[in-house]
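Colleague: Quick one: the structure is below, and I'll ask about it shortly.
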Amino acid sequence: MSKVTSMRDAVAEVVHDGDVVAIEGFTHLICFAAGHEIIRQRKRDLTLARLTPDLIYDQMVAAGTARKLVFSWLGNPGVGGLHAIRRRVEDDDPAPLELEEYSHFGMVGRYTAGASNLPFFPLRSYFETDLPKANPLIRPIKSPYGDETVYAVPPLKPDVTVVHAQRADAEGNTQMWGLLGCQKEAAFAAKRVIVVVEELVDEAVIRADPNRTVIPGLIVDAVVVEPWGAHPSYVQGGYDRDNHFYRDWDAISREAASTQAWLDEWVYGVSGRAEYIEKLGPERLASLRPSGAAPSGSVDYGIYR
Amino acid sequence: MSEPRPAERSAPETQAFTKSEMMIVAAARELAGQRVCFVGVGLPNIAVNLARLTVAPSLELVYESGAFGAKPARLPLSIGDPTIVTGATAAVSMFELFSFYLQGGLVDVGFLGAAQIDRFGNINSTVIGDYDHPRTRLPGSGGACEIAINARQVFVIMRQSKRSFVDRIDFRTSPGNLGGAETAARIRREEGWLGRGPSVVVTDLGIYHFDDSGEMRLDSIHPGATLDQVRETIGWEPRVAVSLAVTPAPTVEELRLIREQLDPDGAYRK
C-alpha cells in the first residue's frame, strides 16, 4: 500500500499541537522541509527533541511552535550560538523556553530505550558532573550483578519522528548512507513516523540491497518525496551542507526582527519546498553539488533456491 | 630558569606566525605516537587534522557523528561534514560509536575545547552564570561529558583569558582531576572510569601538563609569549615548571599545511 503523500498533508495529519516531535539527523539529513511546513501550519506547544537543535529548531522556536527543548548540544557547529533559542533562555524573550538537557550518549540511549521498550538505558557517563543536578531525570543506578553504579536515562518515545533519507519505496522501506546519527533509534522509538526522501524508488531497488535498509515500512506512516528537502543540511552523495547559510544565519538570527523577516520571506512566503528551491536558484544549487562521484563497489548477495 | 625573551611587537619577523597557529601546531605535536583520537568541534578539529598530516600519520580519527578512520579531504566546518564519510574506514550509528568505540575503551585521546577550565582540568561548556538563569547559555555537553570519562586521556585546546581560565567554573560539564589527583584517582577507580583524565592543555601562550597533585603546570611557553602574559590571563597563580621550555616555532611545512590546506579561509588561525 502506497503511503506517498504531500508534505502539507503529512504534517497536517501526523503532527498535532502539544506533540513531542523529533526531526533527527546528525548534521546530515536534517529535514528542514518538514520543519518549515510545521511552522507554516502554525503548530503550537510542541516539545522538540534532537541531539543538536541546529538551525531548524532555532527557526521553529523563533516561529513560536515550541514550549520545550530536549537536547544535548545547543549550537551552530563551527559558527557559534543559536540566537533565537538563547533569547528565550537568557531573556525569556518573548517567553521562557523549558529545557531538558542530556549528553549525546544520553540522548542516543533515550531513543534506544524507547525503541527497545525498556524502562531506562544505563551508561557510564555523568559521574562527578553537574548534569544530574541540572536534570534530575539523569539518575544513578546500582548494578544488580555487583557493586558498580552507572547512570540511567529514561526512554524517549516521540509522538512523531521525521527522518530524511536518500531513498524509500512507496511503502516507506527506507535506505540511507553516510552519517546515520540516531535516525533508526528515533524512528523505532516513535508512535508515528514521517519519512522524507530525495528519491522514490521501486521496491526491487530496496530488495536488491537489504543491508542498506535502515527503517522498514512497517513503522512508517507517511512517505514524502521532497528533493533538496534537507537544505541547508545535506544529503551524502546528493548535495553538500550549505555552510554559507549556516554562517549567514548567525547574523540573520541576532535580532528578533531580522529573524522574523527571514521567516516571512523563506518560510511563510513560499508554498512549500519546491518554491523554496526555485527561490534559492540554480546557481546556488549547482554550487552545492559534490565535486565528484565516489560510488561504492557493489556486493553479491547470491541467489539461493 | 631563564625568562623567555619578551615579544617585540613591532618586529615583523615575530609576525611570521599567529598565536593561533602556534597553538594549533603545538596541540598537533602532542598527538605524536597516539593511535585513536576522538575529535571535538572547533579548534580540536584543525589540530587533529594537522597531526594526521604531520606527526601522527597512522592516527585514526573518530568523529562523534559516526565516522571511524576518517580521512577528510577538506577541513570540515562541522564535525558532521560529508567529507569525513567519503573514504573513511567505517560510518556507524551514534549508538555504536558511543557504546562500542568510546565506552568500549577503544579511544586513546579525547580532544576537547572548552569555555571555562579550572586548575584541575575540570571543564565547563554549559552555562556562564546560574544554570536556571544563565548570563550566557553555551552549547552544553554534546559528547564531551562521556569522552572525559571514557577516553583513556583527554587533551584540551583553548585560548587563555581571565574569563576562561577561572578559579571556579560555573558548571562542571566534563570532569577532570576534580579537587585534586588523589581524590580523582580514587573516584575514577571506584566508579570504574576507563579514562585517567586530562593530560595536556594547549593554549595560545603555552603547553600545560598536570603535576602529581593533579594541577596544571606550565611546561612550555610559546615563542613571543611572556610569563606576565600567562599570569594576566589565568584566574589563579599558575605553577610553572622549573625547567620551563620554549615551544619550538611552527615549521614552514606546518604553516603551509594550515594556511593552504586546512584553513584557507583563515577561520581558525586568526
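Colleague: With B:LEU112, B:LEU102 as the choices, which residue is buried (at least 24 other Cβ atoms within 10 Å of the Cβ), at pLDDT below 95, in contact with a strand residue (DSSP E or B) (Cβ under 7 Å, 6 or more places away or on another chain) and of a type outside the set (Ser, Thr, Tyr)?
Modeller: Values: B:LEU102 fails: at pLDDT below 95.
Sole residue among the options that is buried (at least 24 other Cβ atoms within 10 Å of the Cβ), at pLDDT below 95, in contact with a strand residue (DSSP E or B) (Cβ under 7 Å, 6 or more places away or on another chain) and of a type outside the set (Ser, Thr, Tyr): B:LEU112.
Colleague: B:PRO72 is checked against (1) more than 30 Å from B:GLY224 (Cα to Cα); (2) within 11 Å of another protein chain (Cβ to nearest Cβ) and fails just one. What number does that condition carry?
Modeller: (2)
Colleague: Which members of the stretch A:93-115 meet the condition of being more than 9 Å from chain B (Cβ to nearest Cβ) and among the charged types (D, E, K, R)?
Modeller: Answer for the stretch A:93-115, where residues must be more than 9 Å from chain B (Cβ to nearest Cβ) and among the charged types (D, E, K, R): A:ASP93, A:GLU98, A:GLU100, A:ARG110.
Colleague: So B:THR89 ticks every box in (1) away from every other protein chain (no Cβ under 11 Å); (2) within 14 Å of the chain's Cα centre (by Cα) but one. Which box is left unticked?
Modeller: Checking B:THR89 against (1) away from every other protein chain (no Cβ under 11 Å); (2) within 14 Å of the chain's Cα centre (by Cα), the one that fails is (2).
Colleague: List the strands (runs of 3 or more DSSP E) that sit entirely inside the stretch A:1-74 and contain at least 2 residues that are of a type in the set (Lys, Arg) and farther than 15 Å from A:ALA230 by Cβ. Can you show your working first?
Modeller: Working: elements: A:20-23, A:46-49, A:66-71.
Output list reads A:66-71.
Colleague: Can you tell me how many residues within the stretch A:185-212 are under 30 Å from A:ARG139 (Cβ atoms), touching a residue at least 40 places away in the same chain (Cβ under 8 Å) and over 11 Å from the mean Cα position of the chain (by Cα)?
Modeller: 5
Colleague: While we're on this one: Looking for whichever is in contact with a strand residue (DSSP E or B) (Cβ under 8 Å, 6 or more places away or on another chain), surrounded by fewer than 24 Cβ atoms within 10 Å (Cβ to Cβ), within 8 Å of chain B (Cβ to nearest Cβ) and touching a residue at least 12 places away in the same chain (Cβ under 8 Å) here; the options are A:ARG167, A:ARG124, A:ARG86. Which one fits?
Modeller: Details: A:ARG167 fails: within 8 Å of chain B (Cβ to nearest Cβ); A:ARG86 fails: touching a residue at least 12 places away in the same chain (Cβ under 8 Å).
Exactly one residue qualifies, and that residue is A:ARG124.
Colleague: May I ask you to say which residue of B:GLY121, B:GLY80 is facing chain A (nearest Cβ under 10 Å) and assigned to a loop (DSSP other than H, G, I, E, B)? Working first, answer last.
Modeller: Numbers: B:GLY121 fails: facing chain A (nearest Cβ under 10 Å).
Only one candidate qualifies: B:GLY80.
Colleague: Name the single residue, out of those in the stretch B:212-234 being assigned to a loop (DSSP other than H, G, I, E, B), in contact (Cβ under 8 Å) with a residue 40 or more places away in the chain and among the small types (Gly, Ala, Ser), that is surrounded by the fewest Cβ atoms within 10 Å (Cβ to Cβ). Lay out the reasoning, then the answer.
Modeller: Step one: list which residues in the stretch B:212-234 are assigned to a loop (DSSP other than H, G, I, E, B), which gives B:212-215, B:222-226, B:233-234.
After this cut, where a residue has to be in contact (Cβ under 8 Å) with a residue 40 or more places away in the chain as well, the list is B:214-215, B:222-226, B:233-234.
Cutting the leftovers down to among the small types (Gly, Ala, Ser) gives us B:214, B:224-225.
On the way: B:GLY214: 21, B:GLY224: 23, B:ALA225: 23.
In this case the residue turns out to be B:GLY214.
Colleague: Now for a different question. Taking the stretch B:197-211 only, how many residues are within 14 Å of another protein chain (Cβ to nearest Cβ) and outside any strand (DSSP E or B)?
Modeller: Residues meeting the conditions: 1.
Colleague: Here's something else I'd like to know. In the list B:GLU237, B:GLU253, which residue meets the criterion of being surrounded by fewer than 15 Cβ atoms within 10 Å (Cβ to Cβ), part of a loop (DSSP other than H, G, I, E, B), acidic (Asp, Glu) and away from chain A (no Cβ under 14 Å)?
Modeller: On the way: B:GLU253 fails: part of a loop (DSSP other than H, G, I, E, B).
Every option except B:GLU237 fails the conditions.
Colleague: Here is a further query. Please work out if A:PRO155 is at pLDDT 95 or above, buried (at least 16 other Cβ atoms within 10 Å of the Cβ), under 29 Å from A:VAL220 (Cα atoms) and touching a Pro at 6+ places or on another chain (Cβ under 8 Å).
Modeller: On the way: at pLDDT 95 or above: yes; buried (at least 16 other Cβ atoms within 10 Å of the Cβ): yes; under 29 Å from A:VAL220 (Cα atoms): yes; touching a Pro at 6+ places or on another chain (Cβ under 8 Å): yes.
The answer is yes for A:PRO155.
Colleague: Scan the stretch B:155-177 residue by residue and report those that are among the aromatic types (Phe, Trp, Tyr), touching a helix residue (DSSP H, G or I) at 6+ places or on another chain (Cβ under 8 Å) and more than 9 Å from chain A (Cβ to nearest Cβ). Walk me through how you get there before you give the answer.
Modeller: At the first step, the residues of the stretch B:155-177 found to be among the aromatic types (Phe, Trp, Tyr) are B:155, B:165, B:171.
Now drop any that are not touching a helix residue (DSSP H, G or I) at 6+ places or on another chain (Cβ under 8 Å), which leaves B:155, B:171.
Across the stretch B:155-177, the qualifying residue is only B:PHE155.
The values are calculated or read from the model by the stated rules, or taken from the named source; none is laboratory data. All figures in this text were calculated on a predicted structure; none of them were measured in a lab. Here the Cβ is made from the backbone with ideal geometry for all residues, glycine too, and neighbour counts use every protein chain on show.
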